[in-house]
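Rule-based calculations on the coordinates, nothing more; no lab input. Just so it is clear, the model here is predicted, and its values are computed rather than measured. Backbone-built Cβ (ideal geometry, glycine too); neighbour counts: all protein chains shown.
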Ligand SMILES: [Zn+2]
């Protein structure tokens, strides 16, 4: 659990304390008859707490994949709700929906070392920091695990506990290899991140393991937001709250146990995360309504976010793929020579794996590099962001002075 998630959990705990006080207040008034506004007030507070369970705090360099009732859609952290590094991504309010967070570590890997902050434009609104210095593997292997992040000197990398553990493992492995073996290992590492069969296998296992949680979370949702309000309106609070509360507690406790068992089957190497999240569900009962969602969040750790988005959301993710392909073909490279060399080697390897994968998934990679539809009087465009210009005697300001490409006006 990240610090931000811990903060969110604490906020929910305070909100639950407020809910408990309001219930006590209503119970005291039930002898003389609670006011409708008090009951409505409590219902609104419950809805707000539930809504906070449907969002995820994530780094801006990743993508969130939301599985709704019938299809997938891709989203990025909200531009306003967050800071420069991370923000809130919104899932669906439906109890059966799930939100998968796929982080991108923003690392360039070469035979000689790694470079942090080598980001891809998955979210066009995200202004990524400039690439860091090149760090040799002997030094990178000393990185320290700290929850969801890896600390390497002044650099903080990763974004989720699972991804941080994977990167730490890869750094330790690569540091022990010679150059030839390291090149092969880097190729194997990238191929594993782009393996769509692995994405399918993980999802199939998730839906198989979490089937009971689907029923339990839906039952809790229906009880809290449909059955209980209807019963209270029709028969009054004093006559209904005890059986409703007993049923809620029973479903809630079964839900917590089912979550713990499912988490152990899906993530056997993450006992710390399991206990933390189980405690969260235990102390914040409304979290139990989204327990399956919490189980889904780290499922695709280590998978490439773009490949996962295209594989699951189909054509709606193609514009993201086109943007990334343009960035890979026309990268901004104005750093120190060794940093640029590492980024160039990484991007060459990335393109070699990415283009065949995207083509197999139905993306028209050639169309990504085609000129944009020409505006009147425009004579050139930026090959990276496709902004159009009236003169070729300039460079693209948005892309750190990328040279322009002239329109072929025949
Ligand atoms: Zn540009």
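Each label point was placed 7 Å from the Cα along the Cα-to-Cβ direction; for residue 142 and residue 85 their separation is 2.1 nm. If the segment from residue 112 to residue 130 were pulled out straight at 0.36 nm per residue, it would be longer than the present Cα-Cα gap by 4.5 nm. With N as its number of residues, region 305-368 has a Cα radius of gyration that, divided by 2.2 N^0.38 Å, comes to 1.19. Taking the longest Cα principal axis of the chain as reference, the axis of helix 318-329 is set at about 30 degrees. Quick check for you: which residues of region 328-358 have the amide N under 20 Å from the point 7 Å beyond the Cα of residue 387 toward its beta carbon? Zone members listed by number: 328-335.
The calculated 222 nm mean residue ellipticity attributable to helices in the chain amounts to -16500 deg cm²/dmol, summing -39500 (n - 2.57) over DSSP H runs of n ≥ 4 and dividing by all residues. Compared with the alpha-carbon gap, the fully stretched path from residue 376 to residue 198 is longer by 59.4 nm at 0.36 nm per residue. From least to most packed, judged by other beta carbons within 10 angstrom and beginning with the fewest, 291, 119 follow the order 119, 291. With the alpha-carbon atoms of the chain aligned to their principal axes, the span from lowest to highest coordinate is 82, 57, 37 Å, starting with the largest.
In whole angstrom, region 214-337 maps to an equivalent ellipsoid with semi-axes of 43, 20, 12, each derived as √(5λ) from the alpha carbon gyration tensor and ordered largest first. Note that region 118-219 carries a Kirkwood radius of 16.6 Å, evaluated over its alpha carbons pair by pair. Peptides 365-373, 313-321 ranked from most to least packed give 313-321, 365-373, packing being the mean of other C-beta atoms within 10 angstrom over each peptide's residues. Neighbour counting of Cβ atoms within 10 Å sorts the residues 333, 58, 190, 289, fewest neighbours leading, into 333, 190, 58, 289. When 88, 226, 325 are arranged by Cβ crowding within 10 Å, least crowded first, meaning fewest neighbours, the order is 226, 88, 325.
Using a Förster distance of 51 Å, how high is the FRET efficiency between residue 47 and residue 351, based on the Cβ-Cβ distance and rounded to 0.05? Walk me through the intermediate numbers first.
Details: r = 47 Å, r/R0 = 0.91.
So the FRET efficiency works out to roughly 0.65.
Here, region 278-386 yields an orientationally averaged convex hull projection of 11.3 nm² when only Cα atoms define the hull. Taking only alpha carbon atoms, region 33-144 gives an Rg to Rh ratio of 1.18, where Rh is the Kirkwood radius. Be a star and scan region 102-126 for residues whose amide nitrogen sits under 11 Å from the point 7 Å along the Cα-to-Cβ vector of residue 338. Answer for region 102-126: 112-114. Could you state the angle between the C-alpha long axis of helix 3-29 and the longest principal axis of the C-alpha atoms of the chain, as a value from 0 to 90 degrees rounded to the nearest 10? Roughly 20 degrees between the two axes.
Where does helix 211-222 land angle-wise versus the long Cα axis of the chain, in degrees 0 to 90, nearest 10? Result, in degrees: 60.
How far, in nm, would the chain grow between residue 401 and residue 249 when pulled straight, counting 0.36 nm per residue and subtracting the alpha carbon separation?
My answer for the length gained is 48.7 nm.
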